[in-house]
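In what follows, a structure is listed as structure tokens, so that the remarks can point back to it.
The values are calculated or read from the model by the stated rules, or taken from the named source; none is laboratory data. None of these values were measured; they are calculated from a predicted model. Counting neighbours? That spans all protein chains shown, and the Cβs are built from the backbone with ideal geometry, glycine included. Surface areas here come from the heavy atoms of the whole protein model, side chains and all, with no ligands, DNA or RNA. Shrake-Rupley method; radii C 1.70, N 1.55, O 1.52, S 1.80 Å.
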Amino acid sequence: MGRFFTGEKAWLIDFFATFAALGLTMMKKIILLTLWASLLWPAQMTAQTAVQDEAPQADSTVLMVPLRQLVTERLDALVDDSLMERSQLGLMVWDLTDDTLLYARGEHQLLRPASTMKVLTAIAALDCLGPDYRYTTTLYHKGTISQGRLQGDLVCVGGMDPMFDRKDMQAFAQALKKKGVKSLGCRLIIDTSMKDGDKWGEGWCWDDKNPTLSPLLYEGKTDFAGQLLRELRSAGIGTGSVSAIIDNCPKDAQPLCTRSHTIDEVLKQMMKESDNLYAEATYYQIAARVGRRPATAKDAQKVEHELLAKVGLDADHYRLADGSGLSLYNYLTAEAQVMLLRYAWQQPDIYSHLLASLPIAGVDGTLEKRLVDTAAQGNVRAKTGTVSGISALAGYCTAPNGHRLCFSIINQGVRRSAEGREFQNRVCLALCQP
């Protein structure tokens, strides 16, 4: 008989070989087989169990603990800290893979989100504008070109593109040269009707480094007309005594050149570097989507309220003031941010573009120097938020069991922002470490 069993199973071969060699009647063989099995089988099973019990255990025994239990034990230990006795905490963690709550503490408290307000702005923009949206600035002309002289109106229509720069302005000048324009004998109209005349957001501090909100921007500054005239002169186009006036674009004006940048380009700077101008420019793109000119902050807030209702929240519970988080009047909850991140994850077209814009721990953006050489490096992708007394973090990570998580952490009333950042780092490690 060939040996098909080895090691732990080899004793079965010995048993049957011996049994077959016995010259017994069938009845005696059955009786002997029953007796032998009752004595030998339990002893062999006991020996096998003893060998198995002596085998070394896996080092990663913590992975045997259910994720909810693991997260709860770790985060309970973290929130039992003296920092929580002198400040407020909003904390929520959601298991996206299982679509269930993992942990919550103070998740319904209304707190100031600081720059994590940009998470709401980004998701609202991707949701209502779409991932193919572009921020545009257009040069129009109404009139005639005679012997190289432009008569009538030259019109710049602003779409609040924060990325409009020297290359874009040079493109405007080249568009005029291609039309044979050598000098201007026209009016220069600056059309800023896309948004209202508010230069700052509601609730902004006068002593902050606030951006000026204008639909026509040149490298983030508002001197658009002056820069255009200088660029035209550099291109060899005479501007004479032309000066700019603010007015609406005539209906029968013809487009000469349009320059634009993608929503992905804008969101990358807005989220990774926490650029407030880019956030407010995005906020007013959302506002303009309502269809009214000029667009207002309240128009953007209407769209964001609809989004909050869409994700299952009562929008009336929150106070929304701007797109960047600079305002002292913004009030959100950790729950609201988590539900927004969950909604984004459920929409592939939103999630892929949002995720690409978020700072990566230990790699880039405002998280470049945080969580370096830890399990969270390259794992956590989240938006930071910092203003006086506030430190926040909201985004995504992957748990040790491979589940995708989203989270929001808002520390309010912290005297030093470093205290909040350290707490947030420890939360991230609790979620990422095996």
Q | Global geometry of the chain, whether rounded, prolate or oblate, following the gyration tensor of its Cα atoms and the 1.5 cut on a/c | A | prolate
(Q) Once you order the gyration tensor axes a ≥ b ≥ c over the Cα atoms, which shape class does region 322-434 get: rounded for a/c under 1.5, otherwise prolate or oblate by comparing a/b with b/c? (A) oblate
Q) Asp165 versus His317, label points 7 Å from Cα toward the beta carbon: distance in nm? A) 4.3
Q.
Running a GNM on the chain with Cα contacts under 10 Å, which residue among Glu219, Glu273, Glu85 ends up with the highest mean-square fluctuation?
A. Glu85
Q: Restricting to region 128-205, compute how many DSSP beta bridges are antiparallel as a %, nearest 5.
A: 50
Q | Distance from region 382-427 to region 249-326 (C-alpha centre basis), Å | A | 25
Q: Compute the long axis of helix 117-129 from its Cα atoms, compare it with the longest principal axis of the Cα atoms of the chain, and write down the angle in degrees, 0 to 90, nearest 10.
A: 80
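List the trypsin sites (Lys or Arg not before Pro) within region 256-340 that DSSP assigns to loop and that have no more than 15 neighbouring Cβ atoms inside 10 Å.
Here the sparse-neighbourhood loop sites are Arg292.
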Q.
Rounded, prolate or oblate, given the Cα gyration tensor of region 354-419, with a/c below 1.5 counting as rounded?
A. prolate
Q.
Can you find, among Val414, Leu176, Ser82, the residue sitting farthest towards the positive end of the charge dipole of the chain, where Lys and Arg contribute +1 and Asp and Glu -1 at Cβ?
A. Leu176
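Among the trypsin sites (Lys or Arg not before Pro) within region 200-236, which fall in a DSSP loop and have no more than 15 other Cβ atoms within 10 Å of their own Cβ? Let's see the in-between values first.
Details: sites: Lys209, Lys221, Arg230, Arg233; in loops: Lys209.
Filter output for region 200-236: Lys209.
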Q) Top mean-square fluctuation among Gln170, Gln412, Gln109, Gaussian network model of the chain, C-alpha springs under 10 Å? A) Gln170
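Quickly estimate the mean residue ellipticity at 222 nm for the chain, helices only: each DSSP H run with n ≥ 4 gives -39500 (n - 2.57), and the total goes over all residues, rounded to 500. Let's see the in-between values first.
Values: 12 runs with 167 residues, N = 434.
That calculation yields -12500 deg cm²/dmol at 222 nm.
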Q: Once you've got the GNM for the chain with C-alpha springs shorter than 10 Å, pick whichever of Gly90, Gly226, Gly378 has the biggest mean-square fluctuation.
A: Gly226
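Per residue, what accessible area does the chain have, given a 1.4 Å probe and all protein chains present, in Å²? Mind showing how you got there, number by number?
Working: 20700 Å² over 434 residues.
Ligands and nucleic acids excluded, the figure is 48 Å² per residue.
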Q: Run through the DSSP bridge list for the chain and note the antiparallel percent, rounded to the nearest 5.
A: 80
**Q.** Positive-end residue, the chain charge dipole about Cα centroid, Cβ charges, pick of Pro294, Thr97, Ala122
**A.** Pro294
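I'd like the carbon and sulfur percentage of the solvent accessible area for the chain, probe radius 1.4 Å, heavy atoms only, ligands and nucleic acids excluded.
Working: 10690 of 20700 Å².
Here it works out to 52 percent.
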